[in-house]
1. Residue by residue through the range 207-220, note down the ones that are crowded, with 22+ Cβ neighbours inside 10 Å and within 15 Å of the chain's Cα centre (by Cα).
2. Working only within the range 278-297, note down all residues that are farther than 17 Å from residue 253 by Cβ and more than 19 Å from the chain's Cα centre (by Cα).
3. Please verify whether the range 149-160 includes one or more residues that are surrounded by 15 or more Cβ atoms within 10 Å (Cβ to Cβ) and at pLDDT below 90.
4. So is residue 133 at pLDDT 90 or above and surrounded by fewer than 13 Cβ atoms within 10 Å (Cβ to Cβ) or not?
5. Quick check: anything in the range 8-22 surrounded by 16 or more Cβ atoms within 10 Å (Cβ to Cβ), in a loop (DSSP other than H, G, I, E, B) and aliphatic (A, V, I, L, M)?
6. Please count how many residues of the range 25-42 are surrounded by 11 or more Cβ atoms within 10 Å (Cβ to Cβ), touching a residue at least 60 places away in the same chain (Cβ under 8 Å) and either in a loop (DSSP other than H, G, I, E, B) or not hydrophobic (A, V, I, L, M, F, W, C) (or both).
7. Check 56, 85, 4, 45 and return the single one that is surrounded by 13 or more Cβ atoms within 10 Å (Cβ to Cβ), hydrophobic (A, V, I, L, M, F, W, C) and touching a His at 6+ places or on another chain (Cβ under 9 Å).
8. Residues of the range 1-38 being closer than 20 Å to residue 56 by Cα and of a type in the set (A, V, I, L, M, F, W, C), which ones?
Amino acid sequence: MVGVPLTRNFTKHEAGGYAVSRNSMGMRDREHEPARQEGRLRILVVGDSFTYGSGVAEPDRFMSHLSSAFPDVDFVNLGMPGCGVDQQFLAWRKFGAQLEHDLVLVTSWAENIRRNLAQFRLWDERWEGEESDGVLMWVPKPYFRLDGDGLVLEHVPCPAPRLYEELGDGVTDQGRFNGLRNLIRNMGPGVKDRLQGLLRWQPLPEYNSSDSQGWVLQRSILELWAAESPVPVIFAPVPMYQHIEGSASSRSYRDRLAELHEGGRVPVLDVLAELRAAPDTRALRFLTDIHMSQRGHRAFADALVPGLRGFVEELTP
């Protein structure tokens, strides 16, 4: 249903020296009772690898910092690496029904607008019940397609994985000029950053227009999510590092978030300005990885707190 490998009940040590533990839902979190604790709020934090906390220990994730800022709130991590907003919505449908909660905080990476368009994801390692043995495989994922004013869910149940060579263009989320981007990426992070700054590279043209397929689809998914949820759904995306560090214009991205917020169905917490005000924006991500560093998680949490506080105070009995 979700289309993401969710290995359950295991603990392993990552190369960075920290432990990763998953619960019975396959999420990187402790076990949670179905009913929330009396006198406490519960917030489901739904997202991708940035929410999962790839590259950092559990105490360093932004969700842990939010727990410290709101000691009377239980935060539940539903972060799933490699997924888009579409799969995050499906995860909420599946797991949210099992967990009583007061609020949904969607902390997707801004790039997820492209993942929503994909019908397959590239995997070269273990997925649920299978082993690829190092062979590149396109693994089908659930996806929504626009149909008039509505959405139609496809790939449920998911078809069998396909060999890398079997698929044509238009079904993945690899973006534009993938071969050239891989070549530049292999030259090292410094070369890539300098070229992007010189060329004013726009990493996500899907945000350029209110009418782009990517934006219409993402907005439709979020608005359907808000319509189905009995509690508020807040969208607080993790910005692209190019927008944080100023190597690409963020105007279109911020315009789309403002449109969504002004639509009145999905409140948006746009934290880009706060992150851009950090003393060293480059330190908010790892040297050779797009994911947030420990400092980045702290900064993201600090940026979320003021906007989130209003919702928490409103929900507190």
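The values are calculated or read from the model by the stated rules, or taken from the named source; none is laboratory data. Please read these numbers as outputs of a predicted model, since none were measured by experiment. Positions of Cβ are backbone-derived with ideal geometry, glycine not excepted, and every protein chain shown enters the neighbour counts.
1. Matches in the range 207-220: 218 only.
2. 278, 279, 280, 282, 283, 287, 288
3. Yes, the range 149-160 has at least one match.
4. Spelling it out, it is not the case that residue 133 is at pLDDT 90 or above and surrounded by fewer than 13 Cβ atoms within 10 Å (Cβ to Cβ).
5. no
6. Residues meeting the conditions: 5.
7. 56
8. 6, 10, 15, 19, 20, 27
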